[in-house]
C-alpha cells in the first residue's frame, strides 16, 4: 500500500517526557516542547496564588463561620456579622470579672495608628461561642455590635 508524503504521519517521542506526539511529515520536535515550561516561574506563581488564597480565606473567616451561617443578632436586633467586622479576640485580651467580660480592643484606625481601648461587656449581652473562642463584631465606627464568649469552664 502506497501513501503520499502529505498523508504520512509519524510518532515522535518527546525527549525525557515519556509522552509521544503525532507529528506531520517534515516536522521536528527540536526547538519546542509543551513540557519545557520555566518551572521556577510556574512554581513561584503557584506559591503566590496560594498565599493570596490564604490571605483571603483568613480575612473572610468570620463570614464563612457559624456567625454568618447562623444569621445571629444582638439584643437590639442588629445582625452581628456585616462586611469584615467580626474577628477572634485572643484570650489574653479578655478577662471575666464580677461585672462582665473586660475586653482590651486593639484597632488600627484610618490614620494608621493602633488604638487600644477597654470595654466591659455585661454577661447578659454576651452570646455563647460554640467554637470556644472569643469573638467581637463591630460597627463601622468601631463600637461593639456583638460579643461571643466560650461557655464557662472551657
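The values are calculated or read from the model by the stated rules, or taken from the named source; none is laboratory data. Owing to the predicted nature of the structure, the values given are computational and were not obtained by experimental measurement. Virtual Cβ from ideal backbone geometry, glycine too; neighbours counted across all protein chains shown.
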Give the residues of segment 116-139 that are assigned to a strand (DSSP E or B) and under 25 Å from residue 79 (Cβ atoms), sorted by residue number.
117, 119, 120, 121, 126, 127, 128, 134, 135, 136, 137, 138
Exactly one of (1) modelled with pLDDT under 80; (2) under 15 Å from the mean Cα position of the chain (by Cα) is unmet by residue 69. Its number?
(2)
Look at residue 60 and say whether it is modelled with pLDDT under 80 and within 25 Å of the chain's Cα centre (by Cα).
yes
Inside segment 73-110, can you point out the residues that are loosely packed, with under 14 Cβ neighbours inside 10 Å, more than 23 Å from the chain's Cα centre (by Cα) and on the phi > 0 side of the Ramachandran plot?
77
